[in-house]
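Asker: Handing you a structure now.
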Amino acid sequence: MPQLKILVTGVTGYIGDRLVPRLVEDGHDVRGFARNASKVRCGIPTTEGDAVTGAGLDEALDGVDVAYFLIHSMEGGGGFDETERKTAETFVTEARRAGVRRIVFLGGLVPAEDAGGGSKHLESRHAVEGILLEGAPESVALRASMVIGAGSRSFDFLASVVERLPVLALPAWRTNRTRPIDERDVVEYLALAGTSLALEGPRTFDVGGATELSYGDMVLRIAELAGTPRPSFGVPVSITPVASRVGAAIAGEDPALIAPLMDSLEYTLLPDDAPAREAFGLELRTFDESVRWALDRRAAAA
């Protein structure tokens, strides 16, 4: 495989931080883009800038073959979707100017047709995806639901709630289903999506783990694997606005960051990932395997 010059935006974030070592391992020339280079833990050259205004992007993208767009806003309130779209448009303008061949994006799964477009944050992810797919001739978008790993905000939130509550109240979304994906598998998908020369773009792939289960079963299984099985009862309504505030308080999180995560629980999110498995050939990890690994890493970091 020829060495590629790769830019990773969002390099201080959870996925960006995990992806860089995988790309470096393959011998690629990897650089980062961040507002504050001192927060980059993976030891790569990093250009400081602001993706919203575009400051620093011309320098960061100079000579780049592949650019990972891993910038997400989890903020609540109005205007975040417009900010995300403008950021993507600015990035695409600079990527085209620099002659970037491929942009890789990690977004969210699309709910079933009869469920509507999904939460406001999912809708924003899909709008950003469309902009980025048009930004470079071989662009690739991956769509996933929950990532299982220590450092994944969704997983850490559920694990914290399970640890701290003696009884679990499961709202109406408990019956919705998904296929969460192991951190290691999504990183491998991202690495291959950026560096596989045989891919013809633009392409979109759903990706998921090996195990399909309901959100309610997911929560109870995390409790069992953590060695703290909990009694539970169902609540006939979703009460997401209230539940997100209560859950954030229990987990010690910012409600503005937890609300969009809980919004996505309102939908069944199942990947149609046969094309991804055929294109990339990954052997996916099971939910139990992923959770055990993530819990071990959480315990080691505590």
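What follows is calculated from the coordinates using simple rules that are stated; it is not laboratory data. From a predicted model like this one, the values you see are computed outputs, not experimental measurements.
Asker: On a 0 to 90 degree scale, rounded to 10, what angle separates helix 80-98 from the longest Cα axis of the chain?
Answerer: The answer is roughly 30 degrees.
Asker: Per residue of region 146-158, what does 6.51 cos²θ - 1.76 cosθ + 1.60 with θ = phi - 60° give for ³J(HN,Hα)? Whole Hz please, x for Gly and Pro, Karplus curve as stated.
Answerer: 5, 9, 9, x, 6, x, 5, 4, 5, 5, 4, 5, 5
Asker: Give me the Kirkwood hydrodynamic radius of region 127-180, using the inverse of the mean 1/r over all pairs of distinct Cα atoms, in Å to one decimal.
Answerer: The Cα-based Kirkwood calculation yields 14.3 Å.
Asker: Further, regarding this structure: Scan around residue 151 for amide H atoms under 5 Å from its own, H built in the peptide plane at 1.01 Å from N, and keep only partners 5 or more places away or cross-chain.
Answerer: Residues meeting the criterion, in which the H sits 1.01 Å from N, are 156.
Asker: Please give the helix 120-133 orientation as an angle from the longest Cα principal axis of the chain, in degrees from 0 to 90, rounded to the nearest 10.
Answerer: It is inclined by approximately 20 degrees.
Asker: Which one, (1) 20.4; (2) 19.7; (3) 22.7, gives Kirkwood radius over Cα pairs in Å as derived from the coordinates shown?
Answerer: Step by step, Kirkwood radius over Cα pairs in Å for this structure corresponds to label (2).
Asker: Taking amide H positions as placed 1.01 Å from N in the peptide plane, with prolines and chain starts having none, which residues 5 or more places from residue 104, or on another chain, fall under 5 Å of its amide H?
Answerer: 67, 68, 69, 140
Asker: In whole Hz, what ³J(HN,Hα) sequence does region 35-45 give by Karplus (6.51, -1.76, 1.60; θ = phi - 60°), x for Gly and Pro?
Answerer: Values per residue, Gly and Pro as x: 5, 9, 5, 5, 8, 7, 9, 8, x, 10, x Hz.
Asker: Given contacts defined as C-alpha pairs under 8 Å and at least six residues apart, what's the relative contact order of region 1-73, whole-number percent? List each step's numbers first, then the result.
Answerer: Numbers: 127 pairs, mean separation 28.2, N = 73.
It comes to 39 percent, rounded to a whole number.
Asker: A further question follows. For the chain, what is the percent of antiparallel DSSP beta bridges, rounded to the nearest 5?
Answerer: Bridges in the chain are about 10 percent antiparallel.
Asker: Quick one: among 61, 106, 158, which has the greatest mean-square fluctuation in a GNM of the chain with alpha-carbon springs under 10 angstrom?
Answerer: 158
Asker: Relative contact order of the chain: what whole-number percent is it, with Cα pairs under 8 angstrom and at least 6 residues apart? Could the numbers behind the result be given before it?
Answerer: On the way: 580 pairs, mean separation 55.3, N = 302.
The normalised contact order for the chain reaches 18 percent.
Asker: Under 10 Å, Cα contacts only: if you run a Gaussian network model on the chain, which one of 272, 263, 185 comes out with the highest mean-square fluctuation?
Answerer: Checking each option, the largest mean-square fluctuation is seen for 272.
Asker: Using amide H atoms built in the peptide plane, which far-off residues or other-chain residues are under 5 Å from residue 204 H to H?
Answerer: Correct list: 141.
Asker: Among the lysines, which have Cα under 24 Å from the Cα of residue 120 when same-chain residues fewer than 8 positions away are ignored?
Answerer: Within the straight-line limit of under 24 Å, residue 120 reaches these lysines: 86.
Asker: Using the Karplus curve 6.51 cos²θ - 1.76 cosθ + 1.60 with θ = phi - 60°, what ³J(HN,Hα) values do you get for each residue of region 7-15, in whole Hz, with x for Gly and Pro?
Answerer: Along region 7-15, the couplings run 10, 10, 8, x, 6, 8, x, 4, 6 Hz.
Asker: May I pose another question? When the helices in the chain are scored as -39500 (n - 2.57) per DSSP H run of 4 or longer and the sum is shared across all residues, what 222 nm value do you end up with, to the nearest 500 deg cm²/dmol?
Answerer: -13000 deg cm²/dmol
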